[in-house]
Amino acid sequence: MRLAIRFFAIISLTLMSTNFVFSQTDSSSLSLRLYSSAFFDNKEFTGNIKKGYTTPGFFLQPTFNIESAKYSLDAGFHILYLAGGDSLEKFVPVLRLTYNISPTFSMTVGTINSKENHFLPEPLFKTERLYLNQPELGVQFKVDRLKYKGDLWINWERYIKTGSPYQEEFAVGFVSQIKPSTFDTKSGIYATTIALATHKGGQIDSTGLPVITLINLGGSVGHRFFIADSDIMAGFEISGYISSDKSPNPQSKYKSGNAIHPKLALIWPSILLEVGYWQSTKFVNPRGEELFGSLSTVNPSFDEDKRKIITSTLAFSKNINKEFFVTTGFNAYLDLKNEKTEYSYFFRLVFDGKVLTKP
């Protein structure tokens, strides 16, 4: 912790002097931003695809922020602690440089923005990555318009040196969202397209392991609408996915797979009730919730070519104010083939905002 305090003091002095220089040519502000979350995530999984576990802990990410109309710079550190640990699970520096190419198009290098898990669905990107796998680091391009949102990024997960006893790892993704009625409205038709690739390889490591490149492609179409004159909304969505092994010499058991996931939802102002049906064949999802895939994390002999699951979610989420957010939820997965019900529940509090600002 002393190291963290010293590091933060150096960063603060550097940024205050930098802000003085920038302020001579560009109108900018200096602020202290705090992004933090306390969480409790419990998975009661007893099947042969995945066993359950509990993840209680918190993370803290304070950064000094310099911001103007054209750019922003965040510098600080990220701490992750899990209950009962003798030491921090993670303590890493944070540096995010963003250039606003236009009012709706930006480029970020360094610590990229993954606070919403890139809007990826649970089968492709499990929700616990939101707090266990931050911060992500790489390059990101984002578009944020009234009727269109786009997120293109590369997250470099493991860097290697000559002779490293492990492979380099990274993920590349693209999410495109279209909503003709604009994202300012809760109701309306929307469509999403997704591409996610994960890679393990490298030419300078000492492992001798084969290069692995796995790809997930997907898309969804949905519609949400208000019921009569109430503030209750109903909605439906249908999603489809494919998986493919694009390695130079494919080694995986399942070279290609597919899945479909129709869902129905009821939405109150702060409550979501959702029911769906997941059906997949030889589907592989390296970054997704393993229950949706065919590969067992327990033993390869338990792999299942076909998965048929009734999914359900009951979640509560609410912004207490502009900076403070609370969410809790319960998920149930009824495995029709194995006649088994798995479930999970979580609690999460988030603070994300500026605590001190200097014009």
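The values are calculated or read from the model by the stated rules, or taken from the named source; none is laboratory data. Just so it is clear, the model here is predicted, and its values are computed rather than measured. With ideal geometry, Cβ positions are generated from the backbone for all residues, glycine too; neighbour counts draw on all protein chains shown. Heads up: the accessible areas ignore ligands, DNA and RNA and are worked out on the full protein's heavy atoms, side chains in. Shrake-Rupley method; radii C 1.70, N 1.55, O 1.52, S 1.80 Å.
Structural remarks
- Cβ-based net charge around V143, under 9 Å, with every Lys or Arg adding one and every Asp or Glu removing one: +1
- Taking a sphere under 13 Å around the Cβ of V221 and counting the other residues whose Cβ falls inside, with K and R at +1 and D and E at -1, yields a net charge of +2.
- Expressed as a whole percent, the accessible area of segment 208-358 that falls on carbon and sulfur atoms is 63 (1.4 Å probe).
- For the chain, built as a Gaussian network whose Cα springs stay under 10 Å, the top-fluctuating residue of D245, D231, D151: D231
- When only alpha carbons are used to place a centre, segment 156-180 and segment 42-57 end up 26 Å from one another.
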